[in-house]
Each structure stands twice: as C-alpha cells, then as structure tokens.
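The values are calculated or read from the model by the stated rules, or taken from the named source; none is laboratory data. In this text the structure is predicted, and so the values were computed from the model without any measurement. Glycine also receives a Cβ, built like all others from the backbone with ideal geometry; neighbour counts cover every protein chain displayed.
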Amino acid sequence: MFDTIVVFFSNSDLLKGGVVISAIWWAWFYQKGEPGKIRSYLLSALLGSLIALVLARVLALALPPRIRPVLDPTLHFRSPIGLPEQSNWTIWSSFPSDHAALFFALAMGVWLTSARAGLALIGYVAICICLPRIYIGIHYPTDIVAGAGLGVLCVLLCSWRRVRELWTPPMLDWIERRPGLGYAVLFLITFQIATLFWDIRTFLFIFDISV
C-alpha cells in the first residue's frame, strides 16, 4: 500500500502541479502587503521557473548522461510495486531534476510573498513531490539538490529589483487593462505548468519520431 501511495504521488499532476499552482493563485490574491509588489514577485517566479526548467533540460543533454537508479543494474534497485514503465527514463539523464527545478522555483516565489506559506510549500515540494522520485528510483538525492538550487537561483535572479522592474510593471498594467485576456493567458501558462507541459512534450516527442 505504501508503494502504491508513493507511486500515485509521483504520477499525479493534481498532487504535484495542481497544489503548487493553487498556492501561486492564492498568493496572487493575497490580501496582506502590496498587491502590485506581490504580483510582481509571482510573475518573476513564473518566468524564473520556466528558465530553470529549460536550463535543467539543457544541462541534462549537455552533461555526461547519468543513468537513473531504477535502471542501474549495479545498484540492485528494487522497484516499488505499481511503478509503470516509461520509455523516456532510458533516454533522459537524471541530473539535474527538472521537477525539483520547476517546483522549488515556484515555491520560492510564494516564499517571497509570504514566508510562512512559502516554507509550508517548500516542505510540501520536498516531501510530497521530490522524495517520491527518489523512492521510486528515478532520481538520486543530488539530482534533487541540484535541480532545487537551480530553480531557487533562477527565481532570485529574476526577482532582483533591477530585473523585475524592467518588465513586470508593464505586464501588470496590461493585465489590469485587459483582465479577460490577461488572466486567460496566465491560466493557460499555469495550466501547462500544473500538467508539466504534457501536451507540448507529447507534441515534440511525436515530432521527433516523425523526423
């Protein structure tokens, strides 16, 4: 039963991206503090998380490949019950973890708006998103640490005042003037993040096969 629960957590978009993105939207409408500043930090976190995700994938392709623990015969790893087979585990390097990069980046954005909520979300990401990926054997702890560090660094750089004030004020002004279109775009972006860009990844995978 424990294996089944952990595998479910590792595969559930609702319990991964759904929870984290819900926290982002909660922070967006957070009543305490300056709404403009809070939303500026959150936009920076969204941008930083996307940059971190791209960098994690680039590093995975550029660095020497690291076989996942579940696929390394020298480790004699015992797969948890109910773990499905996924072909991309055999072709993608495990270092660094793109899950850790993406979700720690978003959690850092919430932390910048509310330290208490941010710490709670960081704990959730560590325990409910990243630890299951170590348990089922698709990441080493160092993969998670490297991905988390990459995500946090990208958000801190994007949240640096000089960088943040270059583009978030006009973006927030556009959302305020065109709330229908602005929130529709934000919804689509956050929906793709919550589902880990499944549609886009599937399209690219099909395109690669056709080529």
Practice task
Check Ile81, Ile144 and return the single one that is among the aliphatic types (A, V, I, L, M) and surrounded by fewer than 15 Cβ atoms within 10 Å (Cβ to Cβ).
Solution key: Ile81
Exercise for the section: Run Gly137 past the list (1) of a type outside the set (A, V, I, L, M, F, W, C); (2) under 23 Å from Arg66 (Cα atoms); (3) in a helix (DSSP H, G or I) and report the number of the one that doesn't hold. Expected result: (3)
Exercise for the section: Please give the number of the condition Leu131 fails out of (1) at pLDDT below 90; (2) within 20 Å of Val6 (Cα to Cα). Expected result: (1)
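Residue by residue, here is whether (1) surrounded by 15 or more Cβ atoms within 10 Å (Cβ to Cβ); (2) hydrophobic (A, V, I, L, M, F, W, C) holds:
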{"position": "Phe104", "(1), (2)": "yes, yes"}
{"position": "Ala117", "(1), (2)": "yes, yes"}
{"position": "Pro132", "(1), (2)": "yes, no"}
{"position": "Gly151", "(1), (2)": "yes, no"}
{"position": "Leu172", "(1), (2)": "yes, yes"}
{"position": "Val185", "(1), (2)": "no, yes"}
{"position": "Leu188", "(1), (2)": "no, yes"}
{"position": "Gln192", "(1), (2)": "yes, no"}
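Would you pick out the residues in the range 154-164 that are without any contact (Cβ under 8 Å) to a residue 24 or more places away in the chain and either touching a Gly at 6+ places or on another chain (Cβ under 7 Å) or assigned to a helix (DSSP H, G or I) (or both)?
Matches in the range 154-164: Arg161, Arg162.
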Practice task
Check the range 59-76 and report whether any residue there is part of a loop (DSSP other than H, G, I, E, B) and crowded, with 18+ Cβ neighbours inside 10 Å.
Solution key: yes
Problem - Residue identified as of a type in the set (Val, Ile, Thr), in contact (Cβ under 8 Å) with a residue 12 or more places away in the chain and either in contact with a strand residue (DSSP E or B) (Cβ under 8 Å, 6 or more places away or on another chain) or in a helix (DSSP H, G or I) (or both) among Ile127, Ile122 - result: Ile122
Exercise for the section: Starting from residues that are modelled with pLDDT of 90 or more and hydroxyl-bearing (Ser, Thr, Tyr), keep the ones in the range 28-66 and report whichever is farthest from Cys154 (Cα to Cα). Expected result: Ser40
Exercise for the section: From Gly109, Gly137, grab the single residue that is under 27 Å from Gln31 (Cβ atoms) and of a type outside the set (S, T, N, Q). Expected result: Gly109
Handout entry: Some residue of the range 67-79 being in contact with a helix residue (DSSP H, G or I) (Cβ under 9 Å, 6 or more places away or on another chain), of a type in the set (A, V, I, L, M, F, W, C) and under 22 Å from Gly18 (Cα atoms)
Key = no
Handout entry: Unique residue being part of a loop (DSSP other than H, G, I, E, B) and under 20 Å from the mean Cα position of the chain (by Cα) when the list is Ser22, Ser10, Ser93
Key = Ser93
